[in-house]
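Notes to accompany the following structure.
The values are calculated or read from the model by the stated rules, or taken from the named source; none is laboratory data. Because the structure is a prediction, the values reported are computed rather than measured. In this analysis, Cβ positions are derived from the backbone assuming ideal geometry, glycine residues included, and neighbour counts consider all displayed protein chains. When the accessible area is computed, the model is the full protein with side chains, heavy atoms only, and any ligands, DNA or RNA have been set aside. Shrake-Rupley method; radii C 1.70, N 1.55, O 1.52, S 1.80 Å.
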Amino acid sequence: MYQIIVFGPLLAALIAGLFGRQLGDKGAQTVTCGALILSAVLSWIVFFQIAFGHTVDHVTIMTWVNSGDLTFNWGFQIDTLTAVMLVVVNTISCLVHIYSIGYMAHDPDKPRFMAYLSFFTFAMLMLVTADNFIQMFFGWEGVGLASYLLIGFWYKKPSACAAAIKAFLVNRVGDFGFALGIFAIFMVTGSVDFDVVFAAIPGLQGQTIHFLWMDLDLITTICILLFIGAMGKSAQLGLHTWLPDAMEGPTPVSALIHAATMVTAGVFMVARCSPIFEYSPDALAFVAFIGASTAIFAATIGTTQNDIRRVIAYSTCSQLGYMFFALGVSAYGAAIFHLFTHAFFKALLFLGSGSVIHAMSDEQDMRKMGGLRKKIPATFILMLIGTLALTGFPFLAGFYSKDMIIESAFASDSSMAGYAFAMGIFAALLTSFYSWRLIFMTFFGESRAKKSVQNHVHESGKWMIMPLYVLAAGAIATGFIFKDYFVGHHYEDFWGSALFLKDVSQNVMEAAHHVPGWVVAAPFVVMVTGFLIAVYAYILRPDIPARFAGTFTHLYALFYNKWYVDEIYDFLFVNPAKKLGTFLWKKGDENIIDRYGPDGAAMAVMVLARKFKALQSGYVYHYAFAMLMGVAAFVTWFVGGAS
């Protein structure tokens, strides 16, 4: 069954990619969607068998590498954490595949697109089922390759190509840190298998590694290197710049990358490595700091963006920050719970925004929308459900998971817990504000679209709407149904050995259930406050946003221009690299290497050829004279040499 779940999407990708022309559009869609539906159904079966059966399965496919001391298999480790990820990845990917049938109906390259989606899914499945670091890294890099192909799918658009390259390069920075972390793990433990490495970590506590002039704590160094990889893949502050530009890909790609798969790989990796991180309080504090900073950083940017998909993209970045600071305060179950619930309501919002864009003839600027709730009521209701879940409305999915993260931060004794709690509360306020801003600008008020666009506004077809209903059900029910297992009284039995769980007296999720009442109420209060501010600014007084932007010009420009991080990177890294490259090209390559190398040799041959050309006069006596001089020279050399 596990082989079908993992290799089914790969087989579908190969069939659709290699035989797409023979199969046709419908054939490729049938093969890929059928494989994903089967994988999704089997994933739910595995989830209930493993998570609620309190078991762990190990499956060996084959011996992969056996070279000296380095030996590892290609195998699956199926525990509760893996089972949760299988459900998330395959369910969302299945719905995205179905949605793509309608969304990509007019695209001429449907088989290629469906093949890329299925390959992406396979790479993610390889990552989450791995039982060793090398297999995880294989899936990690496969996801990076697939995201490059999907973001740049419309390769005739220069902006899409640039975005794909940017995502690929920024992720390589993080991947280099991840690779160094794996090298360090093998160096000190002699293995890359999770079970062996995790068992060896307690014995390494207190050891140091000498680097340059410093003695660094060994476990902390390993954790920081691993986390750098997670920062790149999960778009944390500093390595986040690729995420908004990934909107250049088709909307189904945005949902797949931003909701449930690629961006959650870093969260999964840190949770999987919780038996390592727990032995480094400094590394956990660093994770919490970066996560909390990302949550507030991305939320501020989301308040000023006008592209409907970019608002949701920065929302994803902010919610990933919540997951990471939950990991940083050792609330691993809360982080994965938010990953689980977030997948449903964020995929709902992304695919819902795709329905809006489809209805608006590919218009994405919210300033050119308005009044759509009457023309596309189904999309409006579904996006409203996703927004309520995202902002933490009581009894919806986000309410249980996000509140648990905030309460865990308050209950934690981590050095960064107070900072994480404060940033989490403030980010919740901004999340509510920009989420309702999106709803009001898109669906309320008078239409600001062109007449030609207004006349063609229509509800999306069944292939696009059906997946939204499934996601809406998940956004409503997953929090309430699974809260007791992920973060409630049954969390120890549910997670088992999949996560590092301290005993009840020390576990932060247990302490989170006993925080003061004002802590429990705070997320709801700021959620309502953000909603009221949005109502006042975009319904009652629509002139307020422009006045605010005019009054606080610099602050608005800072948020609108994404804190100028891209410009800073251009100044510090991109432009100097271009200047250095140009210098080496012109001065080094052309003036030295080419001049005295291949170009110089070619020029010397040409000069000699011209000189020898002059000897070719066409007169016989010239050739006879040259031959005579040659014979004389030879005889002189022979006689002189003999004597």
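Structure notes:
- ILE219 satisfies every condition listed in (1) open to solvent by 40 Å² or more (accessible area, probe 1.4 Å); (2) in contact (Cβ under 8 Å) with a residue 24 or more places away in the chain; (3) in a helix (DSSP H, G or I) except (1).
- Residue check for PHE113: part of a helix (DSSP H, G or I), of a type in the set (A, V, I, L, M, F, W, C), within 19 Å of the chain's Cα centre (by Cα) and surrounded by 21 or more Cβ atoms within 10 Å (Cβ to Cβ): yes
- Here GLN3, GLN49, GLN22 are screened, and the one residue that is of a type outside the set (A, V, I, L, M), open to solvent by 20 Å² or more (accessible area, probe 1.4 Å), closer than 22 Å to PHE133 by Cβ and assigned to a helix (DSSP H, G or I) is GLN3.
- Evaluation of MET187 against (1) open to solvent by 10 Å² or more (accessible area, probe 1.4 Å); (2) in contact (Cβ under 8 Å) with a residue 12 or more places away in the chain; (3) not aromatic (Phe, Trp, Tyr) (one fails), failing number: (2)
- Those residues of segment 199-239 which are hydroxyl-bearing (Ser, Thr, Tyr) and either closer than 24 Å to THR71 by Cβ or within 26 Å of the chain's Cα centre (by Cα) (or both), in sequence order: THR220, THR221, SER234
- Against the test of being hydrophobic (A, V, I, L, M, F, W, C), part of a helix (DSSP H, G or I) and either open to solvent by 30 Å² or more (accessible area, probe 1.4 Å) or farther than 29 Å from TYR485 by Cα (or both), the options LEU10, LEU42 yield a single qualifying residue, LEU10.
- Positions within segment 416-471 being within 17 Å of LEU348 (Cα to Cα), among the β-branched types (Val, Ile, Thr) and open to solvent by 10 Å² or more (accessible area, probe 1.4 Å), in sequence order: ILE465, VAL470
- The lone criterion from (1) modelled with pLDDT of 90 or more; (2) in contact with a Leu (Cβ under 8 Å, 6 or more places away or on another chain); (3) not in a helix (DSSP H, G or I) left unmet by GLY479 is number (3).
- Candidates VAL196, VAL173 - the one that is over 26 Å from the mean Cα position of the chain (by Cα) and not in a loop (DSSP other than H, G, I, E, B): VAL196
- Selected residue (criterion: nearest to the chain's Cα centre (by Cα)) from residues of segment 534-559 that are exposed (fewer than 15 other Cβ atoms within 10 Å of the Cβ) and closer than 20 Å to ILE296 by Cβ: ALA557
- ASP245 meets each of the listed conditions (1) surrounded by fewer than 20 Cβ atoms within 10 Å (Cβ to Cβ); (2) under 14 Å from the mean Cα position of the chain (by Cα); (3) acidic (Asp, Glu) apart from (1).
- Hey, PHE268 open to solvent by 20 Å² or more (accessible area, probe 1.4 Å) and either aliphatic (A, V, I, L, M) or part of a helix (DSSP H, G or I) (or both) or not: no
- Pairs where the first residue, in segment 240-266, is hydrophobic (A, V, I, L, M, F, W, C) and the second is assigned to a loop (DSSP other than H, G, I, E, B) and buried (at least 24 other Cβ atoms within 10 Å of the Cβ), C-beta under 6 Å, 6+ apart: LEU243/ALA235; VAL263/SER234; VAL263/ALA235
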